[in-house]
Amino acid sequence: MIQNWLNAVEQTVGIKPAIYTRQNFIEGLLGDGIQELADYPLWIAHYDVQQPTLPASWSSWTFWQYTEKGAVIDGNVDRNKFNGSLNDLKALAKS
């Protein structure tokens with residue numbers, strides 16, 4: 001079901017969607033089935049650490065949501081890092 005959704009999104013928008021998950025959620029949910037998803041960019045949410053812990057099938061992260069307590073506007077916001085250059089980001093977004 002997940003793979004069908006990912007295929008539909010990629011076919012519709014022309015960009016491979018990212019897999020967004022908490023640090024330990026996806027392995028518990030899908031077990032060995034996550035290996036099929038490892039070709040997708042990983043957007044990992046893992047707070048209060050120097051580097052995020054990755055699900056076993058991924059060797060690196062594309063985006064890292066490192067806090068939910070960012071002070072950018074009135075109230076808390078999520079803060080994220082991109083693992084690459086501006087050109088890498090543009091290529092990922094196909095812009």
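Against the numbered list (1) within 18 Å of PHE82 (Cβ to Cβ); (2) under 13 Å from the mean Cα position of the chain (by Cα); (3) hydroxyl-bearing (Ser, Thr, Tyr), THR67 comes up short only at (2).
When residues in segment 16-55 are screened for being part of a loop (DSSP other than H, G, I, E, B) and surrounded by 13 or more Cβ atoms within 10 Å (Cβ to Cβ), 12 of them pass. None of LEU6, LEU42, LEU29 is farther than 16 Å from SER59 by Cα and in contact (Cβ under 8 Å) with a residue 24 or more places away in the chain except LEU6. I'm trying to understand the selection: among the residues of segment 56-77, which are at pLDDT 90 or above and surrounded by 10 or more Cβ atoms within 10 Å (Cβ to Cβ)? Correct list: TRP58, SER60, TRP61, THR62, PHE63, TRP64, GLN65, TYR66, THR67.
For (1) hydroxyl-bearing (Ser, Thr, Tyr); (2) over 19 Å from LYS94 (Cα atoms), each residue gets a yes or a no:
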site: TRP5; (1), (2): no, yes
site: LYS16; (1), (2): no, no
site: ILE19; (1), (2): no, no
site: GLY28; (1), (2): no, yes
site: GLN35; (1), (2): no, yes
site: ALA38; (1), (2): no, yes
site: TRP43; (1), (2): no, no
site: TYR47; (1), (2): yes, yes
site: SER60; (1), (2): yes, yes
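For the subset of segment 72-84 comprising residues that are within 16 Å of the chain's Cα centre (by Cα) and part of a loop (DSSP other than H, G, I, E, B), which member is farthest from ASP48 (Cα to Cα)?
Looking only at segment 72-84, we keep the residues that are within 16 Å of the chain's Cα centre (by Cα), and these are 78-84.
Right, trim to part of a loop (DSSP other than H, G, I, E, B) and you get 83-84.
On the way: ASN83: 18, GLY84: 21 Å.
In this case the residue turns out to be GLY84.
The values are calculated or read from the model by the stated rules, or taken from the named source; none is laboratory data. Source: prediction; values computed, not measured. So basically every Cβ, Gly included, is an ideal-geometry build from the backbone, and we count neighbours across all protein chains shown.
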